[in-house]
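What follows is a set of notes on a single structure, which appears directly below.
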């Protein structure tokens with residue numbers, strides 16, 4: 001099957017979008033962007049200056065008062081227009097993500113869809129932003145709550161869902177009447193840049209949404225800027241903790257969605273075929289580079305026959321996964337996003353071997369459909385006999401690596417999960433309502449799957465997370481986002 | 001028009017499956033349009049035109065459903081084992097010597113082929129959100145009805 005047409009034909013030189021204008025960075029410093037599958041140069045992203053950050057914040061601050069006075073219905077209508085444009089450019093946006101990140105076209109379309117869903121939910125802002133009231137809170141006295149926007153917010157985004165993740169926040173923030181700045185990942189900024197071209201086309205007023213490309217310096221400048229009222233961050237726990245602390249010191253609102261080590265628990269009564277397909281997509285989808293990816297697979301049974309059959313089926317399925325360029329529709333798993341990320345994952349595989357784990361399937365033996373360079377590619381890896389204290393059983397690998405563990409009972413499995421510091425997602429595969437309920441009831445994780453391998457909340461629910469996977473008190477998406485991006489005022493009235 | 005399929009490519013992702021289905025409908029649409037243009041088969045003209053319009057409608061419906069339900073959280077890349085393009089090939093090439101009953105025979109094969117594909121795709125896409133398998137099921141039912149219409153035109157059956 002032929003590879004789908006690439007939407008990026010020549011090296012794209014990225015600019016910043018500030019105050020409704022596309023402006024070149026004056027920094028003179030750029031990073032080259034490569035397609036991780038073909039290793040071809042596809043773009044150059046500037047590492048913007050602190051002055052450029054300041055210009056963006058100034059533009060957003062200036063735009064705030066007029067935008068917050070724009071009625072919620074009028075604000076929503078801008079998002080209806082944006083939604084139309086996103087649908088029109090659905091395929092192009094998806095293919096750009098495959099080119100900048102490596103994920104398969106199915107995965108990219110899924111990401112685009114999930115992003116658009118957030119825009120759709122945000123169009124409901126006239127209802128979502130309503131306050132509440134109580135007549136006769138005391139005799140002759142009424143009391144009500146109104147929600148108001150706060151000012152300039154920003155998002156510091158990761159590389160793994162370069163298009164979607166800023167949309168967990170920005171549409172809600174802006175629909176609520178705030179103004180916004182996105183700092184996309186400097187490793188995969190192309191789809192975000194295209195999104196901002198569509199934002200421009202949708203006709204949002206100047207300064208309402210701004211894009212500043214760059215690296216750590218830009219992120220730090222945003223965090224330290226006195227006119228930034230709140231920060232949404234998605235990335236590693238180490239950085240997230242630091243941002244959380246910094247925002248606490250400066251009185252900024254903050255939500256940090258961080259690292260994960262997700263467990264898939266398979267009970268002996270699970271429906272085999274569906275479970276295998278779900279486990280495959282959970283662990284190897286997006287080449288394992290998502291914070292909801294399954295990583296540790298716990299098989300709950302003392303029955304060796306069940307264990308042997310399940311691991312054999314998993315091995316067979318993983319061995320057959322077609323690895324290659326995501327724009328080839330027959331490819332099931334793409335490359336890692338960069339050579340560095342591949343190196344990191346290989347490091348974990350080697351660490352696993354040092355720890356004496358059984359390597360059932362070695363993804364370092366790369367087999368690629370279409371003869372692409374192996375620079376960023378790995379095939380699926382499976383480790384057996386992993387224990388929770390081992391590095392590969394404990395830390396986030398962020399690659400296509402499955403670590404198989406065994407537990408005697410569901411209680412044991414839950415204990416193993418709770419011994420891990422992260423609490424992003426966990427899944428149970430079972431036909432038993434009793435076991436499913438116990439799992440849901442007891443497990444200390446923000447996103448729970450019952451026979452669902454990637455427990456990714458839809459846009460109208462919060463993208464949850466607990467323990468070392470989340471710092472803050474309001475998550476992205478849905479009502480949580482409305483809470484995060486507004487301040488509540490209580491008004492008490494009495495008329496004489 | 002030449003035959004569709006024939007390759008041994010396995011359809012192993014949602015994208016490949018939907019793209020292949022789309023090509024089947026596209027081929028059928030062109031086939032019926034060609035029949036409608038040919039005066040020799042004039043008595044079936046209205047039916048052929050209606051079928052061609054419906055092929056387009058079905059294709060758009062399935063594509064829309066796929067786009068609207070595809071998400072990163074479902075098994076789009078790992079659930080489609082067992083579907084093979086080569087199992088769904090029909091030769092729709094028309095030759096000068098073909099009579100009305102010959103082309104109706106080909107049309108019946110075209111309908112049966114897409115119906116069979118939709119049934120198989122429905123079975124293999126059940127781990128996706130329900131919309132896509134339901135769309136395939138809906139199309140399969142309609143293809144069965146179209147087969148009956150063609151049989152009527154052939155005089156093989158009566159109402």
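Points to keep in mind about this one:
- Here the simple spin-label model places points 7 Å from the Cα toward Cβ, and for residue A:431 and residue A:137 these points are separated by 5.5 nm.
- Computed FRET value (nearest 0.05) for residue A:395 with residue B:93, which takes r as the C-beta separation and R₀ as 56 Å: 0.40
- The protein assembly as shown - mean residue ellipticity at 222 nm from DSSP helices (-39,500 (n - 2.57) per run, n ≥ 4, rounded to 500): -14000 deg cm²/dmol
- Degrees, to the nearest 10: A:304-319 long Cα axis against longest axis of chain A: 70 degrees
- Rounded to 5, the percent of DSSP beta bridges in the range A:262-450 classed as antiparallel: 10 percent
- Sorted peptide list for A:393-402, A:139-148, criterion being average Cβ within 10 angstrom, highest first: A:393-402, A:139-148
- Relative contact order (%) - chain A, alpha-carbon pairs under 8 angstrom, separation at least six: 19 percent
- Of all DSSP beta bridges confined to the protein assembly as shown, the antiparallel ones make up roughly 45%.
- The range A:1-123: C-alpha gyration tensor shape, a/c 1.5 cut-off, then a/b vs b/c: oblate
- Relative contact order for the range A:262-450, counting Cα pairs under 8 Å that sit 6 or more residues apart, in percent: 29 percent
- Helix B:14-37 vs. chain B, principal-axis angle (Cα, 0 to 90°, nearest 10): 10 degrees
- Taking the empirical scaling 2.2 N^0.38 Å for compact globular proteins as reference, the range A:376-437 has a Cα radius of gyration ratio of 1.26.
- Calculated FRET efficiency for the pair residue B:23/residue A:51, C-beta based, R₀ 60 Å, to 0.05: 0.65
- The label point for residue A:197 and the one for residue A:224, both projected 7 Å from the Cα toward the Cβ, are 3.5 nm apart.
- The range A:136-162 and the range A:304-362 have Cα centres lying 44 Å from one another.
- Spacing of the two label points (7 Å from each Cα toward its C-beta) at residue A:88 and residue A:40, in nm: 2.7 nm
- Relative contact order for chain B, counting Cα pairs under 8 Å that sit 6 or more residues apart, in percent: 30 percent
- Three principal axis lengths of the range A:262-450 [C-alpha, angstrom, descending]: 48, 31, 31
- Volume of the Cα convex hull of the range B:37-83, divided per residue and given in Å³: 101 Å³
- Over chain B, the ratio between the Cα radius of gyration and 2.2 N^0.38 Å evaluates to 1.07.
- Rounded to 10°, Cα long-axis angle of helix B:100-124 versus longest principal axis of chain B: 10 degrees
- Stretchable slack from residue A:312 to residue A:419, in nm (0.36 nm times residue separation minus alpha-carbon distance): 35.8 nm
- Model label zone, residue A:358; criterion: amide N under 20 Å from point 7 Å along Cα-to-beta-carbon; scope the range A:404-422: A:404-409, A:413
- Peptide A:105-115 - average C-beta neighbours from other chains (10 Å radius): 6
- Enclosed volume per residue, in Å³, of the convex hull spanned by Cα atoms of the range A:59-143: 153 Å³
- Peptide A:272-280 has a mean of 4 when you count, residue by residue, the C-beta atoms of other protein chains within 10 Å of its C-beta.
- The alpha-carbon positions of the range A:137-186 define a convex hull whose volume is 87 Å³ per residue.
- For the range A:298-392, alpha-carbon Rg and Dmax in angstrom: 14.9, 44
- The range A:277-302 versus the range A:374-401: alpha-carbon centroid distance in Å: 11 Å
- Overall form of chain A per C-alpha gyration tensor (a/c, 1.5; a/b vs b/c): oblate
- When peptides A:70-83, B:11-24 are ranked by their average number of other Cβ atoms within 10 Å per residue, the highest-first order is B:11-24, A:70-83.
- Computed packing ranks the peptides A:376-385, A:154-163, B:89-98 as A:154-163, A:376-385, B:89-98, most packed first, by mean other Cβ atoms within 10 Å.
Each value in this text was obtained by applying a stated rule to the coordinates, not by laboratory testing. The structure displayed is predicted, hence computed values, not measured ones. Every residue, glycine as well, gets a Cβ built from its backbone with ideal geometry; the counts of neighbours run over all protein chains shown.
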